[in-house]
Amino acid sequence: MTPRTKIIGTGHSVPERILTNFDLEKMVDTTDQWIIERTGIHERHIKEPEQNNSDFCVEASRQALEEAGLGASELDMIILATVTGDMRFPSTSIFVQARLGAHNAVVFDIGAACSGFLYALSIADNMIATGKYTKILVIGSECMTHVTDWSDRNTCVLFGDGAGAAVVTKSDSEKGIIASYMGSDGRLAHLLYSSGGGTVSPASYESVDNRDHYLKMAGRDVFLHAVKAMGDSAQRALDEAGLTGNDIDLLIPHQANVRIMDATAKRIGIPREKVVINIDRYGNTSAASIPIALNEARRTGRLLPGMTCLMVVFGGGFTWASAIVKF
Ligand code: ACO
């Protein structure tokens, strides 16, 4: 596919506060060794109580706009992927728009859990193709610790907070998004969800007592589905682009578990040295995971102009997505 859309700026932001596995040893019945062996996580960044999701979005977006050489007023759209926004409504993108001064942009949130950023990137690509929109800010941001049950060792060791952003515009060369793919399966929603505050479990003393506002996950089942869907999804994008794993210079997989990343890379024949792994420092930041890793890879010189990058994700819903971008 001739690319319609290219990425011209990226940024990311995480809270300063770090929670290590040793800190978690004092909170629940776990060990640094178990967490590293089973997930690859050493530490994660967690927000202060007074910090909001939009704070991290604004910082990440400013970096992306600066690199793109654009003023916020030049944006015509902002798409923010999150399931842990500032409020139930309005959308978190509304607060980001106001603080950036992006007053000429139409803005909206989308919810696809961990897959949100690649869903948003694909939506932006299709919006650019209409010719009506030319400069779009795509953000993946999450305050996962807001829905983390700190008494549940099965889940509380996994997540972190942060945001990543990318500015996209029309491509006029071979550089840009050359394939993208999205999938969903609502029959599996019961394996990973948070119901508190929704119509299923409105906020009440009972919903708080039931801990409904926290994330619930059947980890082993999610793991098995994630391994299959990440591999299938990556292969779909490769097929669409007419490429094989050999053509990929860098793989950026969703940072949920190092064992899932290894299985995905093996399935499509990409060696470990071509896989971006930062889960050790951030944990699973859901929709922020891919754009944080993307920005780090670009800023540290791991992802260079001319390289072909495959991004692939799996998350609650279930949802999954992939994209191949030539930089
Ligand atoms: N410390 C010590 N022991 C633990 C901990 C812990 N933190 N957590 C679980 N255990 C125990 C369990 O209780 C269990 O003990 P048992 O055998 O006595 O019952 C044992 O360890 C093994 O548990 P499993 O769940 O089988 O462990 P597993 O190897 O599957 O690892 C994990 C668990 C890390 C959660 C893994 O299943 C996983 O990564 N799942 C996928 C998560 C994911 O991909 N999420 C993506 C989407 S997230 C989103 O969309 C927001």
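Things to note:
- For the range 186-198, filtered to residues that are away from the ligand (no atom under 13 Å from the Cβ) and not small (Gly, Ala, Ser), the residue that is least open to solvent (accessible area, probe 1.4 Å) is 190.
- For the residues 283, 269, the requirement of being surrounded by fewer than 17 Cβ atoms within 10 Å (Cβ to Cβ) and touching a Gly at 6+ places or on another chain (Cβ under 7 Å) singles out 269.
- Look at (1) β-branched (Val, Ile, Thr); (2) surrounded by fewer than 21 Cβ atoms within 10 Å (Cβ to Cβ); (3) touching a strand residue (DSSP E or B) at 6+ places or on another chain (Cβ under 7 Å); (4) not in a helix (DSSP H, G or I) and you find that residue 123 fails only one, number (4).
- Selection count, the range 136-176, where residues are surrounded by 24 or more Cβ atoms within 10 Å (Cβ to Cβ) and within 20 Å of residue 105 (Cβ to Cβ): 12
- Residues satisfying the stated conditions in the range 170-219, i.e. farther than 28 Å from residue 87 by Cβ, touching a residue at least 12 places away in the same chain (Cβ under 8 Å) and of a type in the set (Asp, Glu): 174, 185
- Members of the range 297-327 that are in a strand (DSSP E or B), more than 16 Å from the ligand (Cβ to nearest atom) and open to solvent by 10 Å² or more (accessible area, probe 1.4 Å): 308, 326
- Any hit, the range 199-206, residues being within 16 Å of the ligand (Cβ to nearest atom), in the same structural domain as residue 317 (by TED's automatic domain parsing) and of a type outside the set (Asp, Glu): no
- Some residue of the range 242-249 being in contact (Cβ under 8 Å) with a residue 12 or more places away in the chain, within 13 Å of the ligand (Cβ to nearest atom), open to solvent by 50 Å² or more (accessible area, probe 1.4 Å) and in a loop (DSSP other than H, G, I, E, B): no
- Elements of type helices (runs of 4 or more DSSP H) contained in the range 11-99, each with 2 or more residues being within 13 Å of the ligand (Cβ to nearest atom) and modelled with pLDDT of 95 or more: 21-25, 32-39
- Residues that are more than 16 Å from residue 321 (Cα to Cα) and part of a strand (DSSP E or B), drawn from the range 165-203: 165, 166, 167, 168, 169, 170, 176, 192, 193, 196, 201
The values are calculated or read from the model by the stated rules, or taken from the named source; none is laboratory data. Bear in mind that the values here come from a model prediction, so they are computed numbers and not experimental data. When we count neighbours, we look across all protein chains shown, and the Cβ atoms used for this are built from the backbone with ideal geometry, even at glycine. Side chains are part of the model used for accessible areas, which takes the heavy atoms of the whole protein and leaves out ligands, DNA and RNA. Shrake-Rupley method; radii C 1.70, N 1.55, O 1.52, S 1.80 Å.
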